[in-house]
Amino acid sequence: MKWSDRAYTENRELDNCLLFVKHNAIDDKRILITTKTVSGKIHYKNFGFHFVPSSLYAYIVGERSLSLKNKFANPNDISMIGQD
C-alpha cells in the first residue's frame, strides 16, 4: 500500500513490488498498487501496474465484505454458496 502518488511517475519505486512478486513466485503479470489520489495503468519491466486510490480500494473491499455478509446473513440458508 502506497501513501503517495510518486510511484506512478517515478517507476523505480515499483522495484520493491517486483522483488516481492519474484520472491513469492507470483505468476500474475498484473500488480495492483494503491495510491493517495492517482488512477491509471503503466507497463514497467514486463509487468502491468494498475494504480487505484486507497480510498476507492477501501470502499470496494468494504462493499464486497458487506455484500458477502448480507449474502450469508441466514446461516441456515446455504443455497447461495458458490453462486456469483
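What pairs come out if I take residues in segment 6-20 that are free of Cβ contacts under 8 Å to residues at least 24 places away in the same chain and surrounded by 10 or more Cβ atoms within 10 Å (Cβ to Cβ) and pair them with residues that are of a type outside the set (Lys, Arg) and part of a helix (DSSP H, G or I) whose C-beta lies under 7 Å away, six or more apart or interchain?
6/13; 13/7
Filter segment 40-57 down to the residues that are exposed (fewer than 13 other Cβ atoms within 10 Å of the Cβ) and farther than 26 Å from residue 22 by Cβ and list them by number.
55
Would you say residue 15 is more than 19 Å from residue 55 (Cβ to Cβ) and either at pLDDT 95 or above or of a type in the set (Asp, Glu) (or both)?
It is true that residue 15 is more than 19 Å from residue 55 (Cβ to Cβ) and either at pLDDT 95 or above or of a type in the set (Asp, Glu) (or both).
The values are calculated or read from the model by the stated rules, or taken from the named source; none is laboratory data. All values derive from a computational prediction rather than experimental measurement. Methodologically, a virtual Cβ is constructed for each residue, glycine included, from the backbone with ideal geometry; neighbour enumeration extends over all protein chains shown.
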